Amino acid sequence: MIRSPYKFEGFDFTKLAYADWTTTLAPSGWTKIDLGLCSDGVNHIYAITLGALTSKPVIFIEGSIHGAHEWRCGYWIRKLAEMLTDQNSIIYPLAQELKSIFDFYFIPTLNPYGYINNTYTNANQVNLNRNFPRYWDSWPGGPIGGDQYKGPSAGSEPETQIVMSVINQYKPFVFVDCHTWGGFNGMSMEPADNTFKTMFESEKQSFEMDTVGNSINITYTTTYYDPRSTLWATSIQSNQKTTPITLAIEPGSLEINTIQSKYGVNYLLKLFMYAAKYYKSRQLR
């Protein structure tokens, strides 16, 4: 079991207008990339990257695939990015070690339309997480206008296409989809399959030990047969010739911002430490 040498206590934050939010995305040392227009044809989706993205294994994180309450994900993803390059950060010694092993590719806000309009879906009323190809054909979905509408075809949405393009290009070693679970306290972690069951169970116990708070729920998504970005990502072999470490995490939306960010950032740092150990040993399955 890996103990965290540092514990992040969280931070409070206020939702900015999207145009203002995008100007804050790239902390010092990071590169901001315009990935193109979202489904409303007006607002752009941005990534931030750290490292050359050429030889090291890549850690990919996406946030706010849904709008509504999930806009918060982008804020603690961005805070994590800042902590990885801020020499005054409490985690900076750990960050130096992680950066020597990994490069990073973050999309803090995948659904600008949902962020701006406080809708769960994108401008085409599509639940973006239900638009990914795996299980799309067999999953019934829901009607247009409902929060489970999967779109007219698999991968039809520009937001989905952006994620698929990035993953196919960089084939990340770690893929994390960050949400905030509506009407819920605590946090859920949802591995995409059982490949790394031992690792995730150890992480859960270690996370609970390091992070005092409400209960942390764990669900293995092998029982899910609906389209999800994480389930699709498991089909893309990483550039390290291994199944990617793939999961979703969801601090509860009923938690205050400080606790959401505390859970989100601490869990991601814990995951990075386990991923580093697995990368070096290939013995955490």
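The values are calculated or read from the model by the stated rules, or taken from the named source; none is laboratory data. The structure displayed is predicted, hence computed values, not measured ones. Reconstructed Cβ throughout: ideal geometry from the backbone, glycine too, with neighbour counts over all protein chains shown.
Which condition number in (1) closer than 30 Å to residue 15 by Cβ; (2) in a loop (DSSP other than H, G, I, E, B) is the one that residue 261 fails?
(2)
Listed here are the residues, each with its yes/no results for (1) modelled with pLDDT under 95; (2) surrounded by fewer than 17 Cβ atoms within 10 Å (Cβ to Cβ); (3) under 22 Å from residue 71 (Cβ atoms); (4) touching a Phe, Trp or Tyr at 6+ places or on another chain (Cβ under 9 Å).
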site	(1), (2), (3), (4)
173	no, no, no, yes
193	yes, yes, no, yes
243	yes, no, no, yes
255	yes, no, yes, yes
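Under 6 Å between Cβ atoms, which residue pairs at least 6 apart in sequence (or on different chains) link something in region 2-22 that is part of a helix (DSSP H, G or I) with a partner that is at pLDDT 95 or above?
18/112; 18/115; 18/116; 22/46
So for region 34-45 (the condition being surrounded by fewer than 16 Cβ atoms within 10 Å (Cβ to Cβ) and part of a helix (DSSP H, G or I)), does at least one residue qualify?
Within region 34-45, not a single residue is surrounded by fewer than 16 Cβ atoms within 10 Å (Cβ to Cβ) and part of a helix (DSSP H, G or I).
Filter region 114-150 for residues that are in contact with a Ser or Thr (Cβ under 8 Å, 6 or more places away or on another chain) and not in a loop (DSSP other than H, G, I, E, B); which is nearest to residue 17 (Cα to Cα)?
115
Please verify whether residue 138 is in contact (Cβ under 8 Å) with a residue 60 or more places away in the chain and of a type in the set (S, T, N, Q), treating the condition exactly as stated.
Yes: the conditions hold for residue 138.
Tell me which of these residue 89 doesn't satisfy, since it passes every other one: (1) part of a loop (DSSP other than H, G, I, E, B); (2) exposed (fewer than 15 other Cβ atoms within 10 Å of the Cβ); (3) among the polar types (S, T, N, Q); (4) free of Cβ contacts under 8 Å to residues at least 12 places away in the same chain.
(2)
Filter region 151-203 for residues that are in contact with a Leu (Cβ under 9 Å, 6 or more places away or on another chain), without any contact (Cβ under 8 Å) to a residue 60 or more places away in the chain and in a loop (DSSP other than H, G, I, E, B) and give the result.
Result: 151, 192, 193.
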